[in-house]
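Below: the structure, in structure tokens.
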Amino acid sequence: MTAGPDWVPPSVDTSVPSMARTYDYMLGGGHNFAVDREVGAQISKAMPGLGHAARVNRAFLGRAVRFMTDNGIRQFLDIGSGIPTVSNVHEVAQDAYPECRVVYVDRDPVAVAHSELMLADNDLAAVVHADMRDPEGIIGSPQAKRLLNFDEPIGLLMLLMLHWIPDESDPPGLMARYRDALPSGSLFAMTHVTGDHQGENLTEATDVIKRSKSPDQVNLRTHEQVTGLFDGFELVEPGLVGCGEWRPRGPGDIADEPDMNMLVYAGVGRKP
């Protein structure tokens, strides 16, 4: 294990890339290592404009949270929240309604450590260090028990997360466990990478991730497959669409490159 800056938890091997830190790099963040930046640069070379797709996804987060608060949601569970950057869920939600409560979840120790620092003075938000494949452990965590009331609607977010779950881990079954725990009226927002509208560039980009030896490997899914992950939820308009096409509010919500608006599917569903 290699030594890292003072902000790196001792358990982190800075020689192994993390997709959470690579995403942080693509968003212009500073909590990433040379190995993450190298992978990010190779991915961007294989697929120019990918950084814009990352920003479009981040912009969707803000729109989804605002949609949820506009529809009465006052508590949020953000699975795979990543390394804190601008316009985090609690910032967007509490800006609209200061009483909003947020639980973040991530398995990356760097993401968790910086979330803890960011939330140190915020009694209405907390972070859980956990793998998303343990919904019962997450829901039963002290943080969730303190901040979330599962008798009232919850806003569940899984942005750029489910494509890291391979088919053998049964993503539909995993989603069913989360869905069954949510009360009626809850809203679920998801983004998921797809190969439907891409070609060789996307293959080259995913090959970079495979060669990187990262434990995170992308699993591309079709529109039909991603729609299936909303089973038990009613998709709100405009349904499952390219990330840049989900209720854009301005130029910052859409990438200049058309392909980058369609690299990631986005949707919000309501539990009846």
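What is the chain's relative contact order, in percent, from Cα pairs under 8 angstrom and six or more apart in sequence? Before the final figure, lay out the partial values.
Values: 507 pairs, mean separation 55.7, N = 272.
Reported relative contact order: 20 percent.
Out of Glu168, Glu200, Glu116, any idea which swings most in a Gaussian network model of the chain, alpha carbons joined below 10 Å?
Per the Cα network of the chain with a 10 Å cutoff, Glu168 tops the list.
Could you work out the relative contact order of segment 95-202, using alpha carbon pairs under 8 angstrom and six or more residues apart, expressed as a whole percent? Walk me through the intermediate numbers first.
Working: 120 pairs, mean separation 25.8, N = 108.
Rounded, it is 24 percent for segment 95-202.
Explain nothing, just the number: dipole magnitude of segment 19-270 about its Cα centre with +1 on each Lys and Arg Cβ and -1 on each Asp and Glu Cβ, in debye rounded to the nearest 20. Please report the intermediate quantities before stating the final value.
Working: 22 positive and 36 negative charges, 56 e Å.
Dipole magnitude for segment 19-270 comes out near 260 debye.
Pick out which of Gly62, Gly242, Gly173 has the largest mean-square fluctuation in a Gaussian network model of the chain, springs linking Cα atoms closer than 10 Å.
Residue with maximal mean-square fluctuation among Gly62, Gly242, Gly173: Gly173.
Which value, to two decimals, describes the C-alpha radius of gyration of segment 19-270 once divided by 2.2 N^0.38 Å?
Values: Rg = 16.9 Å, N = 252, 2.2 N^0.38 = 18.0 Å.
Here the answer is 0.94, to two decimals.
Compute a Gaussian network model of the chain, connecting alpha carbons closer than 10 Å, and tell me which residue from Gln143, Gln225, Gln94 fluctuates the most.
Top of the fluctuation ranking is Gln225.
What does the net charge come to around Asp170 if you take all other residues with beta carbon closer than 11 Å to its beta carbon, with K and R at +1 and D and E at -1? Intermediate results must be reported in sequence, preceding the final value.
Numbers: positive: Arg133, Arg177; negative: Asp167, Glu168.
Net of charged neighbours comes to 0.
Using the Cα atoms of segment 6-148 to build a convex hull, what is its mean projected area in square nanometres?
Numbers: hull surface 36.3 nm².
Reported value for the Cα convex hull: 9.1 nm².
Kindly write out, for segment 255-272 in residue order, the coupling ³J(HN,Hα) from the Karplus curve 6.51 cos²θ - 1.76 cosθ + 1.60 (θ = phi - 60°), rounded to whole Hz, with x marking Gly and Pro.
7, 5, 8, x, 4, 6, 7, 10, 5, 10, 7, 9, x, 10, x, 10, 7, x
Only bridges whose two residues both fall in the chain count here: according to DSSP, what percent of them are antiparallel, nearest 5?
Values: 11 of 29 bridges.
Expressed as a percentage, antiparallel bridges in the chain total about 40.
Read-outs: derived from the displayed coordinates by stated rules, not from any lab. Just so we're clear, the structure is a prediction, and the values are computed from it rather than from any experiment. All Cβ positions, even for glycine, are placed from backbone atoms using ideal geometry, and neighbour counts span all protein chains on display.
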